[in-house]
Amino acid sequence: MAPIVETHDLKRHYRMGESTVRALDGVSIAVEQGEFLGLLGPSGSGKSTLLNLIAGLDRATEGALRVFGDDLAQMSSDALSIHRRRTVGIIFQSFNLVSTMSAAENVALPMLFAGVPRPERDRRAHDLLEAMGLGGRERHRPPELSGGEQQRVAIARALANNPHLLLADEPTGNLDSRTSAEILSLLTDLNRREAKTIVMVTHDVGLAHRYAHRAVTLLDGAVVPESAS
Amino acid sequence: MTLGDAVDLALRNLNQAKLRTALTVLGVSIGIASLAGMVSLGLGLQDQFVGRFMKSGMFDAITVMSPQDRPGIMAGGMRGLGAGPRGVARSRLDDDALRKFGALRRVKEVYPNLRVPVELKYQQVTQSYVATGVPMSARSEGAFQTFAYGGFFDNESDNTCLLSLDVAKELEERNPMTLIGKQMTLTRMASSDEARYTVVGIIEREPGPPGLPGATYSAVMIPLAKMREMSAEGRRSYGQATVKVDAPQFTQDVENQIKDMGFMAFSLNDALTGAKRAFMILDIVLTLIGSIALAVSSLGIVNTMVMSILERTREIGIMKAVGGSDGDIRRIFLVEASVIGGIGGIAGVVLGWAIGRAINFGANVYVRSQGGPTGNLFSLPLWLVAVAIAFAFIVSLIAGSYPASRAARLDPIQALRHD
């Protein structure tokens with residue numbers, strides 16, 4: 001079966017004044033259906049850049065990037081927004097919830113852009129929050145929730161339009177170890193029970209090895225060969 | 001994203017910054033109030049003046065003269081004023097001619113202008129005046145709109161007359177009102193047939209100079225039918241006649257047809273056209289003045305939207321990350337701007353109306369103290385209300401389009417890094 005995500009010699013360069021920053025400099029990886037992949041590497045290694053490219057938040061400078069067979073480089077910005085809306089669910093280190101909206105409204109936001117009618121949006125947001133163990137917290141706003149609770153809201157939001165691919169960028173970076181373990185077991189659950197493919201960026205090698213099926217390590221914008229990691 | 005969802009989001013966002021929203025809405029409403037107020041002032045003034053002129057019966061009236069009888073100022077070189085085309089046989093202004101005028105399209109009424117010198121006897125006083133015949137249709141037109149005392153003829157068969165206030169004062173200096181109901185004797189000069197007439201009304205003044213088209217005001221006025229009787233003897237043609245048309249816009253056409261029949265004719269149509277042009281210029285100037293305030297308030301919308309986008313950069317990044325397209329983001333902010341514009345427009349029309357009423361009230365108090373006629377300086381027709389609100393809406397959409405497309409173009413990764 002073809003991989004869900006496939007990159008070939010993927011490059012992302014930024015211009016910073018006079019110099020060029022090679023955030024990604026020829027990365028070729030493949031993510032299989034149902035896989036839980038850890039993207040490892042120190043800060044500045046390009047792992048978040050790679051995740052943003054897969055998420056369709058950013059565009060590659062060069063190289064090929066296919067997600068479910070679609071070439072993201074060829075997509076218009078509208079097509080990319082549909083990719084973000086339908087194909088992937090993104091979970092951030094800093095949660096990125098809208099602080100003026102309730103938990104339920106945050107979860108409903110991707111469905112709003114997908115044109116889901118309001119009653120269905122409300123029902124699904126309620127169900128997702130319930131499944132995340134946040135029943136009764138729908139009306140709370142993010143500042144009234146703990147970090148772990150906020151990340152659960154974010155996961156519920158990522159699942160709103162039922163994507164097959166979850167992209168998590170340091171999802172436990174702002175959480176204590178006990179809460180981190182809870183969030184990671186939630187992701188593991190989603191991977192096992194609902195067959196969600198997960199790509200998780202982390203700098204914690206131990207975490208990656210404990211939860212992920214496989215780890216790819218990046219350094220200075222390139223994949224470190226298996227034997228060296 | 002549906003429009004309903006966009007409106008929901010926009011209202012929620014506006015509600016987050018109540019003070020800023022309220023101030024921006026106030027700005028727009030002042031802009032719209034000044035624009036609507038100025039236009040409404042222009043319309044009101046136009047209604048006041050043109051309306052009054054229209055009612056004066058001068059603009060739907062054509063004065064026709066037989067070429068033989070043209071007065072001195074009309075003679076020679078004044079072809080433009082109505083001498084018939086060269087080569088047309090001189091026509092007599094007689095009852096036949098009047099019937100022909102009456103048969104023309106759009107003609108409402110035709111009557112001869114009968115002016116006769118009379119001797120008026122009242123108690124011990126005998127005075128000479130000019131008497132005119134007034135058609136019954138002149139009721140509530142021109143000089144007959146307002147009476148100092150009494151009113152118009154009840155019918156044209158009674159021997160009743162109207163006096164000008166000047167004449168009334170000559171006869172009864174202290175209290176001209178007491179003349180109402182009194183009888184006086186009118187004798188046509190150089191004849192002996194007297195008739196007794198009862199005074200029914202006294203008129204203060206006329207709005208235009210004497211001799212204008214349709215003007216039948218004079219020192220002594222009697223019903224036209226009575227005047228025909230008084231002046232009928234030996235008359236084969238008239239010096240002047242008045243042709244009234246259905247509405248002022250037909251005046252020129254009918255006037256030309258009468259000229260083609262070989263008569264002299266003139267109307268004040270050209271003067272009305274000039275007055276209308278002057279009011280159009282006044283309207284444009286007032287609209288421009290009003291627009292300045294609206295232009296300033298539209299900058300307020302731009303400012304509010306730019307501020308709002310700056311504050312919500314991260315939120316825009318989040319919306320893009322979860323699948324909001326550039327178009328969705330643009331729509332949210334455009335709806336936000338148009339809600340400001342719509343509310344501001346409605347508030348502005350209400351504000352403009354209230355200010356207009358207040359100024360109108362003050363102006364009328366002053367006018368009344370000066371003894372003038374009161375009226376509405378401001379006219380706010382329904383179409384102006386609709387146009388003003390629609391205009392607020394459109395201006396706010398235009399003002400919101402720059403901030404909205406700036407928001408739509410934000411790079412999601414940059415926006416997510418923003419605190």
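The values are calculated or read from the model by the stated rules, or taken from the named source; none is laboratory data. Bear in mind that the values here come from a model prediction, so they are computed numbers and not experimental data. Using ideal geometry, Cβ is built from the backbone for each residue, glycine included, and neighbour counts are taken over all protein chains shown.
Check whether at least one residue in the stretch B:294-305 is within 18 Å of residue B:335 (Cα to Cα), within 14 Å of chain A (Cβ to nearest Cβ) and at pLDDT 90 or above, and report yes or no. Walk me through how you get there before you give the answer.
Narrowing the stretch B:294-305 to residues within 18 Å of residue B:335 (Cα to Cα): B:297-305.
From the residues that got through so far, the ones that are within 14 Å of chain A (Cβ to nearest Cβ) too are none.
No, there is no match, as no residue in the stretch B:294-305 is within 18 Å of residue B:335 (Cα to Cα), within 14 Å of chain A (Cβ to nearest Cβ) and at pLDDT 90 or above.
So which of B:337, B:363 is touching a Leu at 6+ places or on another chain (Cβ under 7 Å) and buried (at least 21 other Cβ atoms within 10 Å of the Cβ)?
Numbers: B:363 fails: buried (at least 21 other Cβ atoms within 10 Å of the Cβ).
The unique qualifying residue is B:337.
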All-but-one check, residue A:70 against (1) within 23 Å of residue A:209 (Cβ to Cβ); (2) loosely packed, with under 15 Cβ neighbours inside 10 Å; (3) touching a helix residue (DSSP H, G or I) at 6+ places or on another chain (Cβ under 9 Å), failing number (1)
Can you tell me which condition residue A:73 does not meet? The list is (1) within 22 Å of residue A:114 (Cα to Cα); (2) away from chain B (no Cβ under 12 Å), and all the others hold. (1)
Odd one out for residue B:32 among (1) within 14 Å of chain A (Cβ to nearest Cβ); (2) within 14 Å of residue B:291 (Cα to Cα): (1)
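Would you check which residues across the stretch A:49-67 are part of a helix (DSSP H, G or I) and either hydroxyl-bearing (Ser, Thr, Tyr) or surrounded by fewer than 18 Cβ atoms within 10 Å (Cβ to Cβ) (or both) and list them?
A:49
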Report yes if some residue within the stretch B:371-387 is at pLDDT 90 or above and within 14 Å of chain A (Cβ to nearest Cβ); otherwise report no. no
Does residue B:142 count as at positive phi, surrounded by 15 or more Cβ atoms within 10 Å (Cβ to Cβ), in contact (Cβ under 8 Å) with a residue 24 or more places away in the chain and not polar (S, T, N, Q)? yes
Condition check: under 30 Å from residue A:95 (Cα atoms), without any contact (Cβ under 8 Å) to a residue 40 or more places away in the chain and not in a helix (DSSP H, G or I). Does residue B:371 satisfy that? no
Is it true that some residue in the stretch B:45-56 is farther than 30 Å from residue B:390 by Cα, among the hydrophobic types (A, V, I, L, M, F, W, C) and modelled with pLDDT under 85? yes
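Does the stretch B:4-19 contain at least one residue that is more than 14 Å from chain A (Cβ to nearest Cβ) and either in contact with a strand residue (DSSP E or B) (Cβ under 9 Å, 6 or more places away or on another chain) or under 30 Å from residue B:358 (Cβ atoms) (or both)?
Residues of the stretch B:4-19 that are more than 14 Å from chain A (Cβ to nearest Cβ), as a first pass: B:19.
Subset that is either in contact with a strand residue (DSSP E or B) (Cβ under 9 Å, 6 or more places away or on another chain) or under 30 Å from residue B:358 (Cβ atoms) (or both): B:19.
The answer is yes, given that some residue of the stretch B:4-19 is more than 14 Å from chain A (Cβ to nearest Cβ) and either in contact with a strand residue (DSSP E or B) (Cβ under 9 Å, 6 or more places away or on another chain) or under 30 Å from residue B:358 (Cβ atoms) (or both).
Going by the structure shown, is residue B:4 under 30 Å from residue B:379 (Cβ atoms) and either in the same structural domain as residue B:300 (by TED's automatic domain parsing) or surrounded by fewer than 20 Cβ atoms within 10 Å (Cβ to Cβ) (or both)?
Values: under 30 Å from residue B:379 (Cβ atoms): no; either in the same structural domain as residue B:300 (by TED's automatic domain parsing) or surrounded by fewer than 20 Cβ atoms within 10 Å (Cβ to Cβ) (or both): yes.
Taking the combined requirement at face value, the residue does not satisfy it.
Taking the residues in the stretch A:1-29 that are small (Gly, Ala, Ser) and assigned to a strand (DSSP E or B) as candidates, determine which candidate is surrounded by the fewest Cβ atoms within 10 Å (Cβ to Cβ).
Once the filter is applied, the top-ranked residue is A:19.
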Residue under evaluation residue B:188, criteria (1) buried (at least 17 other Cβ atoms within 10 Å of the Cβ); (2) under 22 Å from residue B:140 (Cβ atoms); (3) at pLDDT 85 or above, criterion not met: (2)
Positions within the stretch A:47-70 being hydroxyl-bearing (Ser, Thr, Tyr) and more than 14 Å from chain B (Cβ to nearest Cβ), in sequence order: A:61
Subset of the stretch B:314-339, residues more than 10 Å from chain A (Cβ to nearest Cβ) and under 23 Å from residue B:22 (Cβ atoms), comes to B:332, B:333, B:334, B:335, B:336, B:337, B:338, B:339
Which numbered condition residue B:308 misses (of (1) within 21 Å of residue A:114 (Cα to Cα); (2) within 14 Å of chain A (Cβ to nearest Cβ)): (1)
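Would you mind listing the helices (runs of 4 or more DSSP H) fully within the stretch A:78-186 where at least 3 residues are of a type in the set (D, E, K, R) and more than 9 Å from chain B (Cβ to nearest Cβ)? Lay out the reasoning, then the answer.
Values: elements: A:103-113, A:118-131, A:147-158.
Per the criteria, A:118-131.
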